[in-house]
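A short worksheet on the structure shown next.
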């Protein structure tokens, strides 16, 4: 799937984050957020994807993902090892 050329890695990563959040599968969320940042996505890009989740999949799912993302962004700014 990740080797297909129809979408960039950034696009696939953004969709993956949104799907994990929408389905409530948060166990791997932090790892996927870090990976998505490495594809060139900004914090604002990721927040926008999670806002989309809030509208289409529900606020509780998105709020959980927002909390995880906030923690990951803080750790990345502080240089906390992954």
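The values are calculated or read from the model by the stated rules, or taken from the named source; none is laboratory data. Keep in mind that what you see is a predicted model, and the values were worked out from it rather than measured. Cβ atoms come from the backbone with ideal geometry, glycine included; neighbour counts cover every protein chain shown.
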Quick one: count up the residues across the stretch 17-40 that are outside any loop (DSSP other than H, G, I, E, B), over 21 Å from residue 77 (Cα atoms) and touching a helix residue (DSSP H, G or I) at 6+ places or on another chain (Cβ under 7 Å).
4
Of the listed residues (77, 67, 4), the one being part of a helix (DSSP H, G or I) and at pLDDT below 95 is 77
Do we have any residue at all in the stretch 42-60 that's at pLDDT 95 or above, within 18 Å of residue 71 (Cβ to Cβ) and not in a helix (DSSP H, G or I)?
yes
Of all residues making up the stretch 42-82, the number that are closer than 21 Å to residue 9 by Cα, surrounded by fewer than 16 Cβ atoms within 10 Å (Cβ to Cβ) and touching a residue at least 40 places away in the same chain (Cβ under 8 Å)
2
I need every pair where a residue in the stretch 11-25 that is at positive phi and in contact (Cβ under 8 Å) with a residue 12 or more places away in the chain has its Cβ under 6 Å from the Cβ of a residue that is surrounded by 14 or more Cβ atoms within 10 Å (Cβ to Cβ) and in a helix (DSSP H, G or I), sequence separation at least 6 or different chains.
24/61
For residues that are surrounded by 13 or more Cβ atoms within 10 Å (Cβ to Cβ) and without any contact (Cβ under 8 Å) to a residue 24 or more places away in the chain, scanning just the stretch 29-41, find the one that is farthest from residue 71 (Cα to Cα).
35
